[in-house]
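What follows is a short report on a single structure.
The values are calculated or read from the model by the stated rules, or taken from the named source; none is laboratory data. Bear in mind that the values here come from a model prediction, so they are computed numbers and not experimental data. Neighbour counts run over all protein chains shown; Cβ positions are idealised from the backbone, glycine included. For the accessible areas, the whole protein counts, side chains as well, though only heavy atoms, and no ligand, DNA or RNA atoms are used. Shrake-Rupley method; radii C 1.70, N 1.55, O 1.52, S 1.80 Å.
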Amino acid sequence: MSMIGEYLRVTAAELDRAIQDPDWALAFVEEVQDAEEESDPAPAEARHFSTYKTWDMLRFLMARTDFPVNVIHGEEPFAEEDWGYGPPRYLRPERVQLAAEALRTTNYAQLISGVDPAELTSAEVYPLGWSELSPLEWGRPWYDGLTQFFEAAARADDAMLVWLD
């Protein structure tokens, strides 16, 4: 089983409903995931996005830059139920906007500058096996997609649900 970083863009009204009714939120997430699985929209048009297994590598890299928003795990819990690997969290629209700005101004080359793959192994960054992969380039498409996804959410003044599945 893999641990996958997951995101869902939600409107302010949907966020309020998710906070009040986490069961509705989980059903809504599954509905959006199913719909987008067939249409496979680009990150800027999608409501759901996944960083696949790169979530922990991105967390490690962002922590080195003092990233201002916890885009990997979210910031505020809204449910006690486990959505895979712990309960989901969310980011309010103003935090999504701050994250989008930080993602936009921190390109991937800056994020990986000076990083030795051995640091990932030493820090036990999931999914391990960093010496066998092209580890630093592996995360680039997901970081770029995450940037596009957050920029679109910020333009729409959306909030974000965040969880590991």
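In table form, for the structure just shown:
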read-out: Selection count where residues are open to solvent by less than 40 Å² (accessible area, probe 1.4 Å) and touching a Lys or Arg at 6+ places or on another chain (Cβ under 9 Å), scope segment 16-32; value: 3
read-out: Number of the exception - Q148 against (1) touching a Pro at 6+ places or on another chain (Cβ under 6 Å); (2) open to solvent by less than 40 Å² (accessible area, probe 1.4 Å); (3) under 30 Å from V10 (Cβ atoms); value: (2)
read-out: Subset of segment 2-52 [under 28 Å from V125 (Cβ atoms) and of a type in the set (G, A, S)]; value: S2, G5, A42, A44, A46, S50
read-out: Residue match in segment 134-150 (condition: within 17 Å of the chain's Cα centre (by Cα) and farther than 26 Å from V29 by Cα); value: yes
read-out: Qualifying position, being part of a helix (DSSP H, G or I) and under 23 Å from N70 (Cα atoms), among E14, E37; value: E14
read-out: Top-ranked residue of segment 81-109 - restricted to ones that are open to solvent by 20 Å² or more (accessible area, probe 1.4 Å), assigned to a helix (DSSP H, G or I) and not β-branched (V, I, T), ranked as farthest from V69 (Cα to Cα); value: A109
read-out: Among the residues listed as A13, A35, A42, the single one being open to solvent by less than 60 Å² (accessible area, probe 1.4 Å) and either in contact with a helix residue (DSSP H, G or I) (Cβ under 7 Å, 6 or more places away or on another chain) or over 30 Å from L128 (Cβ atoms) (or both); value: A42
